[in-house]
Each structure stands twice: as structure tokens, then as C-alpha cells.
Amino acid sequence: MIKPDGVQRGLVGEIISRLEKKGFILKGLKLFQCPKDLAQEHYKDLKEKPFFPKLIDYITSGPVVCMAWEGDGVVASARKLIGATNPLQAEPGTIRGDLAVQTGRNVVHGSDSPDNGKREIALWFKDGELCDWDSVQTPWLIE
Ligand code: UDP
Ligand code: MG
């Protein structure tokens with residue numbers, strides 16, 4: 001998911017492009033104003049953290065771009081492409097390492113496990129919003 005700062009800063013194309021060029025396949029995409037209750041449910045594991053209220057304000061402060069990406073190892077690989085939570089510690093070449101400076105404005109979210117990926121897709125996308133399609137690139141990406 002591209003967070004509100006990524007949308008406001010005009011980084012939508014850049015972030016989608018990095019995941020597209022890697023070879024993952026886009027199965028769902030939408031601009032979406034996240035309601036508070038969804039943000040709280042999404043980040044429920046962090047609800048005891050001191051930064052939780054500010055995190056909810058941040059995620060609901062403007063539209064986000066929800067994305068569902070498919071591919072072998074996509075969850076772990078996308079986390080690597082995204083980089084460390086703190087952008088100042090994220091490696092150059094990663095999205096956060098190249099495009100952000102603060103943990104509280106780190107431009108993108110990525111699911112941290114396949115199970116959480118499934119949970120989050122079910123949370124953020126309604127029935128019928130994902131597209132089941134075959135990319136012509138697949139035989140050129142996977143032998
Ligand atoms: N966050 C924050 N302060 C912190 C830690 C996290 O504002 O000290 C925010 C930040 O936006 C982060 C999100 O909470 O991306 C979720 O935290 P998590 O530890 O799950 O990091 P992520 O999985 O996004 O790298
Ligand atoms: Mg996380």
C-alpha cells in the first residue's frame with residue numbers, strides 16, 4: 001500500500017513501477033480513503049504502541065493506493081524492495097531508502113508474511129475488486 005505521503009508527494013508511479021519492473025504481477029489496485037476503523041483493524045497488533053494514535057491519523061490523513069501483487073516469494077521480496085521501517089536505516093536502492101527520511105512518513109506498507117498478506121487483501125479489497133488475469137510476461141519471467 002502506498003501511504004498518504006507517497007500519494008501527496010507524487011510517488012505513486014515510481015513505487016508501482018519498481019514492483020512492476022521486478023516482475024511481480026498486479027492483481028488489484030485502487031485509490032482509497034481509509035476510514036479510522038479499518039486503519040485500527042489493519043494495525044491492531046500495534047495498538048498498545050505509543051505511536052499508534054499518530055499512525056492511525058497518518059494512514060487516514062489522505063488517500064492511499066491499495067495494491068495486490070502476485071509472484072513467487074512476493075511478500076519477502078517486496079519487503080526487501082521496500083526496505084527497513086526507518087528510512088534512514090533503509091538501504092539505498094530500496095523504496096524507503098531512496099524516497100523517505102522518517103519512520104512516521106515512510107511512504108509504503110508491505111505485508112510481513114503470506115498469512116498477513118491474505119488477511120490484509122481481504123481487509124482492503126471487496127469481492128470483485130481483484131482481477132484474475134495471466135500476464136504475457138510470465139514465460140519470460142519464470143522458466
Ligand atoms: N511506526 C511509527 N513509529 C515507530 C514504528 C512504526 O510511526 O516507532 C509506523 C511506521 O509508519 C511503520 C508502521 O508504524 O511503517 C508499522 O510499523 P511496523 O513495525 O509494522 O513497520 P513496517 O512493517 O511498516 O516496516
Ligand atoms: Mg508491519
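A DSSP coil position with no more than 15 other Cβ atoms inside 10 Å describes the following GluC sites (Glu not before Pro) in the range 15-69: GLU48. Let a ≥ b ≥ c be the square roots of the eigenvalues of the Cα gyration tensor of the range 5-122; is it rounded (a/c under 1.5), or, if not, prolate (a/b larger than b/c) or oblate? It comes out rounded by the Cα gyration axes.
Taking amide H atoms as placed 1.01 Å from N in the peptide plane, the amide H of LEU29 lies under 5 Å from those of ALA68, each 5 or more residues away in sequence or on another chain.
Just checking the listed ones, THR94, THR60, THR103: in the Gaussian network model of the chain with Cα springs under 10 Å, the one fluctuating most is THR103. Among the trypsin sites (Lys or Arg not before Pro) within the range 82-143, those in coil by DSSP and having at most 12 neighbouring Cβ atoms inside 10 Å are LYS126. In a reduced charge model with +1 at each Lys and Arg Cβ and -1 at each Asp and Glu Cβ, the chain shows a dipole moment near 500 debye about its Cα centre.
For the range 101-112, the Karplus equation 6.51 cos²θ - 1.76 cosθ + 1.60, evaluated at θ = phi - 60°, returns couplings of 10, 10, 4, x, 9, 9, 6, 8, 10, x, 4, 9 Hz by residue, with Gly and Pro reported as x. Modelled spin-label separation between LEU38 and VAL136, with each label point placed 7 Å from Cα along the Cα-to-Cβ direction: 3.3 nm.
The numbers here are math on the coordinates, done by the rules we state, and not lab data. Quick caveat, the model's predicted, so the values are computed rather than measured. Backbone-built Cβ (ideal geometry, glycine too); neighbour counts: all protein chains shown.
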